[in-house]
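Notes for the one structure printed next.
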Amino acid sequence: MTAVIADRIESAARAIDVARNLAAEFAVGAAARDRDRELPYAQVDRLAASGLLAITVPAAFGGADLPPTVVAEVVRIIATADPNIAQIPHSHFVYLNLLRLAGTPAQQTRYFGAVLDGARIANAQSERGGATVADIATTVRPEGERLRIDGAKYYCTGSLFADLLAVLTRLDDPNSESGLASGEYVVYLPADTPGVRIVDDWNGIGQRTTGSGTIVFDGVLVDRDQLLARASAVHAPTGYGAFAQLLHAAIDAGIARGALTAATDFVREFSRPWFEAGVERAVDDPLLIQRFGELAVGVTAVTADRSDAVAHASLAVATAKILADRAANEVSAALFEVAGTRSAAADLNLHHFWRNARTHTLHDPVRWKYQHIGRALLHDTPPPQHGVF
């Protein structure tokens, strides 16, 4: 487990204040870390030590039990400074939510306690080669008195910084040698478990320092009490998927705000006015003022508070995701439009906003968000409960 000693956060106000202070720290050198692919080990240690990673731990287990709206705001604030760092704990919060919804009391005591002490969780969920992203080839099967995991996972965000891995597996045990029903299980296991190989091979054009590489599981032995059946969380109206999507929207909204702030600062300090504007300063160009107004409206729209009831929350989050996707991509691209030619200099690395937005928003297609919203309006059909995040 991590050697970090974590503070305890007990209120939403304190969580927001800590997030703002950390964002100010993380903003320093963010562009250089992105340019040089300098992994933010020290920054993630600071994040864990701050206590922010434990703010969703239920009160019964000693946590602050803060609501999704506060978690989303914390993530958004950090994403304005460095969206890589903001994405690293995404799965951490998601799998704490799974533990809350579907974990046994013993599992909750064990893993919530570890997180309160500073432990970090990363996902090992996505695979390649299946017909769809929902196909799971990684297996867990009986091996003597224990169970064995074999397979490979990709896009394992945060795995390079993790103490615990949440591994999505498939148990096919028709003879019930394990005593467990066949189906999908998430296995919580220490990242240094024998047979686990974490590979630093993420090479995306954006979100370059999220540690989203490959994990190979070769004969990894685990105990039954490390397995958590996920069906009750992902195939019921729990809001499990909506919570995960809300955090993705928060990251995109943070990127949009960060890009707008960078554009504003650049235009104020460096940009020259277009000669036809007839003004001495770029900030006095009426067309530029108009464009900044348009961009600010989009950024403001995606930071509005969202409802929290399950079906309505899913649709509200889908709407937020569409707006955040649009704002992140539009504003990070418009940065160059409003800042001018000098802003395209490679050494400034202002394009990291666009690369991060373009990469993170590929996570799941917003075209399907429109479908869910449209069907809800026209057919009174609730959004699906599939748990994909």
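Read the figures in this text as sums done on the coordinates, not as results from a lab. Since the structure is predicted, the reported quantities are computational estimates derived from the model, not experimental observations.
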- [ ] Treating the angle as unsigned and between 0 and 90°, give the value, to the nearest 10°, between the Cα long axis of helix 310-339 and the longest Cα principal axis of the chain.
- [x] 40
Task: Acute angle (nearest 10 degrees) that the helix 41-50 long axis makes with the longest principal axis of the chain, alpha-carbon atoms - done: 80
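Ratio of the stretch 139-230's C-alpha Rg to 2.2 N^0.38 Å, to two decimals?
Here the answer is 1.14, to two decimals.
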Task: Equivalent ellipsoid dimensions for the stretch 12-119 as semi-axes, Å, which come from the Cα gyration tensor, largest first - done: 26, 14, 11
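Can you tell me the length gained on complete extension of the stretch Asn203 to Ala346, counting 0.36 nm per residue apart and subtracting the Cα distance?
Details: separation 143, 0.36 × 143 = 51.48 nm, distance 1.88 nm.
Taking Asn203 through Ala346 to full extension adds about 49.6 nm, to one decimal.
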- [ ] For n ≥ 4 DSSP H runs only, could you compute -39500 (n - 2.57) per run for the chain, divide by its residues and tell me the 222 nm figure to the nearest 500?
- [x] -15000 deg cm²/dmol
Task: Extension gain (nm, one decimal) between Ala277 and Glu145, 0.36 nm per residue minus Cα-Cα - done: 39.8 nm
Open item on the list: Output the 0 to 90 degree angle, nearest 10, between the alpha-carbon long axis of helix 105-116 and the longest principal axis computed from the alpha carbons of the chain.
Closed with: 40
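Once you have the alpha carbon radius of gyration of the chain, what is it after dividing by 2.2 N^0.38 Å, with N set to its residue count? Could you put the intermediate results ahead of the total?
Values: Rg = 21.8 Å, N = 389, 2.2 N^0.38 = 21.2 Å.
Computed over Cα atoms of the chain, the ratio equals 1.03.
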